[in-house]
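The values are calculated or read from the model by the stated rules, or taken from the named source; none is laboratory data. For clarity, every value in this text was computed on a predicted model and none was experimentally measured. Cβ placement follows ideal geometry from the backbone for every residue including glycine, while neighbour counts extend to all protein chains displayed. Each accessible area value is taken on the protein alone, full model and side chains, heavy atoms only, with ligands, DNA and RNA left out. Shrake-Rupley method; radii C 1.70, N 1.55, O 1.52, S 1.80 Å.
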Amino acid sequence: MSSCSSRALTILSTVFGACGLLLVGVAVSTDYWLIMVEGIILQQNQSMEVKMALHSGLWRVCFVAGAENGRCVASEYFTEPDIEITTENTANILKMVRTATPFPMVSLLFVFTAFVISNIGHIRPQRTILAFVSGIFFILSGLSLVVGLVLYISSINDEVMNRPREPEQFFNYHYGWSFAFAASSFLLKEGAGVMSVYLFMKRYAEEEMFRPHPALYRPRLSEGSDYSGQFLHPESSWPPPKRGRSTSNASSDISIQYTFLNFLYIKLHMRTSNI
């Protein structure tokens, strides 16, 4: 059951991380974060005439109606494009969203790093710490992205709140599918981070469970045994050191030699007497 849970966490964290990386990559590279429409209300028949419509991303703005219809220009990070925008508030919105741009880029870098470390950890599960490191990077990536999203929304809301209310003009805006991809990526990355950290905890607990106690590597042996532990101690030298002879063994050898000398003396005396 434990191995099944670890395998399920491994698969889910990989899938969530891959989806989070894919979604934030698509969100950063596309220009459907914000869609705005501006126009005037005709008093005769109460119809609306669109003066400008655009969709913008982190890197460029594309116009789909108005004087700049069909034109896509780079956002004002590097150049000041010569474009015709109906109101100053719309231009301010496009400028203010630049403050949120670095955070999705940092999030993309973090999630890519986390995905690589996570896959290395899955290939080598004995490197338990890699699951923890990848989980931290997933969580940091999600936090960086959510900070960027909050800044993006707040900058737009501030400009919309300061926009003058005129009855003959209308202004409409909503967030596009690129923004939805980024928000979904935040949820996936946080889920992948939590599962990676939990996978680290399970692997660490399993290692501690099946790791023998250090006392089992060097069992306690009796003091009188010379060879009983020689195969359990790889660091011990071979052959084993010689034991010093005890006093009882030395006295036993002396008594044997004395008895042998007495026997030789008796044999020699008997031969002499016969002669």
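Scanning segment 95-126 for residues that are open to solvent by less than 70 Å² (accessible area, probe 1.4 Å), over 30 Å from GLU159 (Cβ atoms), modelled with pLDDT of 90 or more and not polar (S, T, N, Q) returns ALA114, PHE115, VAL116, ILE117. The set of residues in segment 174-191 being part of a strand (DSSP E or B) and either at pLDDT 95 or above or surrounded by 15 or more Cβ atoms within 10 Å (Cβ to Cβ) (or both) consists of TYR175 alone.
Checking each residue in segment 127-173 for being open to solvent by 40 Å² or more (accessible area, probe 1.4 Å), in a helix (DSSP H, G or I) and farther than 30 Å from LEU199 by Cβ picks out LEU151, ILE153, SER154, ASN157, ASP158, MET161.
Do we find a residue being in contact with a strand residue (DSSP E or B) (Cβ under 7 Å, 6 or more places away or on another chain), open to solvent by 50 Å² or more (accessible area, probe 1.4 Å) and modelled with pLDDT of 85 or more anywhere in segment 37-55? Checked segment 37-55: no residue is in contact with a strand residue (DSSP E or B) (Cβ under 7 Å, 6 or more places away or on another chain), open to solvent by 50 Å² or more (accessible area, probe 1.4 Å) and modelled with pLDDT of 85 or more.
Looking only at segment 7-33, which residues are outside any helix (DSSP H, G or I) and modelled with pLDDT under 90? Answer for segment 7-33, where residues must be outside any helix (DSSP H, G or I) and modelled with pLDDT under 90: just ASP31.
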